[in-house]
Each structure stands twice: as C-alpha cells, then as structure tokens.
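Written out below as structure tokens is the structure these notes cover.
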Amino acid sequence: MSVICSGSLAFDRISYFPGYFKDYIMAENLSFLNLSFLVDRVERAHGGTAGNIVYNLFLLREKPWLVSAVGRDHDGQDYLERLRSWDLDLTQVGISEEPTSGAYVATDKGNNQLSFFHPGAMLDESPFDPQSLPGPVESHLAIVSPGSLADMRNLCRRYRELGLRFIFDPGQQVPAFSGPELLEMLDGSLTLITNEYEIELFLRRTGTTLDDLFQYTTTVVTTLGSEGSRLITPRGSQHIMPGPAEVVVNPTGAGDAYRAGLLKALAHKEEMITACRLGSTVASFCVEKGGPQEHHFTPGEVMARHFRTFRETINCLA
C-alpha cells in the first residue's frame, strides 16, 4: 500500500527560551499583549508538516508520495537535495516563485511552544491529481496535513469522491477555515488527528461536540504531548501512553513523527489502536533531539522500544 503525504515543506528557526511563557503572559492583559523573550540560541532545521512525516516514513523504510512545494530560493534547492537523497518521487513537488515556507518556533523551559508560519510557496495550488495514482484505490492511504489551503480543500474532496482512505490533519490551519469548510473536509475521512488545543478549537469553530464528529469520520486521535495520546471512537475513549524517550530535548516535530508511525501501521493493515501506539513510539525518538529531522532510528530499534513499552509485535517492522 502506498502512502500519499500532502502538507508543507519548510525551514524551522527554533529558538530556546530559558524561562516559562506563563510567567510573562498575563491573562487579564491579553487585549494589549506586547512581549519580548530573550532566547538562548536559534537553530535552523528542515521541517514542515509533510517534510517531517516523510522523513520519519523514510526511516521506517517507506517511500511515500510527497505533494508539496518549495521556492526557487536557496532554501528550496537545499530541501530538494535532501529529499532526493531519500530516493523519493518528487514529481508532485512544485517549484514556486514564492520563497520556501518558514516556521519560527520558540520553546520554553516547560516545552511549551509559540509558532509563527510564513506560507510562501505553500500559497501555490498543487497540480496533483489523485486519479493518476497507479493501482486500485484500496492500495493507497493519504494524509492531508497543514499546507496549501486550496490543496487541503481539494484533496479531501477528491479522496472522498474516489473512495480513497485519508486522514484529516488540519493542525494550525484550523483557524483559516470556516466551520462548514472544516466539516466538509472531515467528511468521509478515516480519522481526524489534532493536538489537544486544536481539537477544542475545531469543535468551537464547527459548533459541534466530539459525538457529532462521528457523522463525518470513524475515529478521532488527539495527541497530548508528554501525556501520550487519546483514541476516541463511537464506543468510547482509550488512552495511549507516551513512548519512553531517554531524554526530552525539544518537542518540535513530535506530532509529525507520531503521524508517520500511525501511517506506517495503517498502511500495513494494523488496527487503529496499534497504529496509535506505534505513533507514540516513533514520536519518542524525535523529542530526544533538537529539531524535527535530527533524530535517527532503524525499524529494529523502533520495534525493540515499542515491544518494551506495549508488549506488542508489529510485523511490518520486522
């Protein structure tokens, strides 16, 4: 089964604040917020939602289709060279006249984050046509992650029309869509995946409850940072413990690593609960390094850590 990843390719500028944001942000004064944080250091790292997911899938010995865009600038050429080293098919990666997307991330001592994203090349709409995919529709699994707003709308619609299984991952783009748009994109999906803040924003924006969402999707997966994740179905909720990271350096990209583990398992027909557990294990490797694509692992190392935590064997990692 092939995996199709759409979303952003970006460079992250990650800064580290030695204090806690909560000590400087006064809730009663949010209407005139004006703050400056003195950070220890700034690091440049390959990132973006699609780039991070694809990197982890590459480490898991998968070769996904990548639907995204970069600019003609130095950043764009740098990223393309990196992607080529993974032996990926880059025919669906567009080259834009806009600069390559960039994220500016500040992480505090408690691993809380403030992020600002400039879309750049992601303003362009992709020419990718899902109907051009080889083989039967049942042989593909897609994830629609934050990227071009037009791509997110169009791909969800096209996947639904084709009967292609897809995961809706709106992430930081939730505020960019209206409530009806979000529900239309969710309709027909295999699952909705967000973090804890994003699911609350999604529900508020759509005027729905968690139970209402099962009119549009079959499961809801919510990542909870250091608390693990939660799998919710019409039958109830199940907590998934976090993977056992040896040390937590930075959480940037951990959510995308989780999604890669989820996709790997689902692409090989594992149950959703197993897929969530594998996502938790893969994410634990990411937080041990200072950027979203700085960690390394082999499928064997993932399997060993996964088995120690969940006492579960996953055949596709053998």
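Bear in mind that the values in this text are calculations on the coordinates, not laboratory data. Nothing here was measured: the structure is a model prediction, and the numbers come from that model. Because the Cβ atoms are built from the backbone with ideal geometry, glycine has one as well, and the counts that use them run over all protein chains shown.
A few remarks follow.
- Members of the stretch 283-318 found to be under 21 Å from T252 (Cα atoms) and touching a Pro at 6+ places or on another chain (Cβ under 8 Å), listed by number: A283, S284, C286, V287, R305
- Within the stretch 299-318, residues that are under 12 Å from R61 (Cβ atoms) and without any contact (Cβ under 8 Å) to a residue 60 or more places away in the chain sit with their Cβ atoms under 6 Å from residues that are not in a helix (DSSP H, G or I) and not small (G, A, S), at 6+ positions apart or across chains, in these pairs: C316/H268.
- Filter result for the condition that a residue is without any contact (Cβ under 8 Å) to a residue 40 or more places away in the chain and out of contact with any strand residue (DSSP E or B) (no Cβ under 8 Å at 6 or more places or on another chain), over A245, A265, A275, A260: A275
- Some residue of the stretch 1-18 being of a type in the set (A, V, I, L, M), surrounded by fewer than 15 Cβ atoms within 10 Å (Cβ to Cβ), touching a residue at least 24 places away in the same chain (Cβ under 8 Å) and within 30 Å of A267 (Cα to Cα): yes
- Residue selected from the stretch 265-310 under the condition more than 22 Å from H46 (Cα to Cα) and of a type in the set (G, A, S), by the criterion surrounded by the most Cβ atoms within 10 Å (Cβ to Cβ): A275
- Residues that are part of a strand (DSSP E or B) and either surrounded by fewer than 16 Cβ atoms within 10 Å (Cβ to Cβ) or free of Cβ contacts under 8 Å to residues at least 12 places away in the same chain (or both) within the stretch 185-225 comprise just one, T218.
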